[in-house]
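One structure is given here, and the rest of the page talks about it.
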C-alpha cells in the first residue's frame with residue numbers, strides 16, 4: 001500500500017452514500033458501517049443481484065441492491081448527527097408486493113433505536129400502490145399517503161425530508177432533480193416524539209416490516225444518499241476539491257492512524273465513486289481497515305478528507 005498526501009474538503013451537505021457494492025447474497029449487516037437496530041431477528045437483510053436505475057440520479061446503476069421482506073432484521077447506518085435545519089435522503093425503490101401498509105425506510109436519532117422520523121410506508125390500493133409518511137413515533141401517529149398512482153414492479157426515486165428540530169416529515173416521488181420542488185410533497189405532522197437536541201438526527205434505517213400476513217411489502221432498494229440540502233442529493237460524489245486544513249493520516253499495513261483528532265470520532269472511508277465502504281470510531285488514534293481492493297479511497301472525518309491509494 002502507498003499513501004498519497006492529496007487533500008480535499010468534503011462538503012458538509014453530503015452525509016452518507018451507499019450503492020451496495022458488496023457481494024451478492026451476503027448479509028448487509030457489518031458491511032459499509034451497517035449496524036443492527038434493536039434486537040436480532042431473521043431473515044437478515046441480504047445484498048441482492050444487480051442495481052436499480054433512474055435517469056439522472058447519480059446512484060443509478062451502480063453496484064448491487066438490497067432486498068427487504070415482510071419481517072426480520074432491521075439495520076441502520078450512522079452519519080454526522082444534525083441538530084438544526086433539514087436532513088434529506090434519496091433512494092431508488094422497486095416494490096414487488098404490498099399489503100395494507102408498513103414502513104421500510106426512515107431516519108433515527110444517533111443514539112436511539114426507538115426515536116424514528118420520516119417513517120416511509122407503502123400500501124396496496126386496488127391494483128396500484130401508494131407511498132406514505134408519518135412524522136415520528138410516540139402517541140398515535142397516522143400516515144399521510146400519496147395518490148394511488150404508482151404500480152408494482154416499477155423503479156421510483158423516493159426523497160425523504162425531515163425537520164431536525166420538530167421532526168415534521170415529508171416525502172416526494174420522482175421529483176425534479178435540479179431544484180427542490182415547492183409543491184408535490186406529502187407531509188405529516190402526527191406523533192409526539194421530537195428529536196432530542198443533544199442527539200439530533202444521525203441514522204438512516206432500513207426496516208423489514210410486520211410479521212402479520214398481508215401488512216408489509218417486499219421490495220428492492222438501492223442507491224441511498226443522505227444530505228443536508230436537496231441539491232447535494234444529486235451531486236455525483238458530494239466531494240469537492242476545495243482545499244482545507246490538512247487531515248493528517250498515516251498508513252501501516254491495515255492500520256490507519258489519524259492524527260490530531262479525538263478518540264471516538266467517526267472515520268468514514270469512501271470509494272472513488274462515492275460509496276461508503278467502511279465506517280469506524282477512532283480508538284487510540286487508529287482504525288483497522290477492512291480488506292479493501294486496490295484503488296483510490298477517501299478518508300473523511302467531519303468536514304475534512306484525505307485521499308489514499310491502496
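For region 45-64, backbone nitrogen atoms closer than 18 Å to the point 7 Å from residue 310 Cα along Cα-to-C-beta are found at 63-64. Comparing 280, 48, 98 in a Gaussian network model of the chain where C-alpha atoms under 10 Å apart are linked, the largest mean-square fluctuation is found at 280. Applying 1/(1 + (r/R0)^6) with r as the Cβ-Cβ distance of residue 293 and residue 30 and R0 = 30 angstrom yields a FRET efficiency of 0.95.
With the highest mean first, a sort of the peptides 211-222, 35-46 on other beta-carbon atoms found within 10 angstrom per residue produces 211-222, 35-46.
Using a cutoff of 8 angstrom between alpha carbon atoms and counting only pairs six or more residues apart, the relative contact order for region 14-234 works out to 31 percent. Largest GNM mean-square fluctuation among 61, 200, 264, using the chain with Cα springs under 10 Å: 264.
Of 87, 299, the sequence from fewest to most neighbouring Cβ atoms within 10 angstrom is 299, 87.
Restricting the calculation to alpha carbons of region 14-234 gives Rg and Dmax of 15.7, 45 angstrom.
Between the C-alpha center of region 160-236 and that of region 23-69 there is a gap of 17 Å.
Values in this text are rule-based calculations from the coordinates and carry no lab data. Computed from a prediction, not measured in an experiment: that's the story for all the values here. Please note: Cβ atoms are built from the backbone with ideal geometry, for glycine as well, and neighbour counts cover all protein chains shown.
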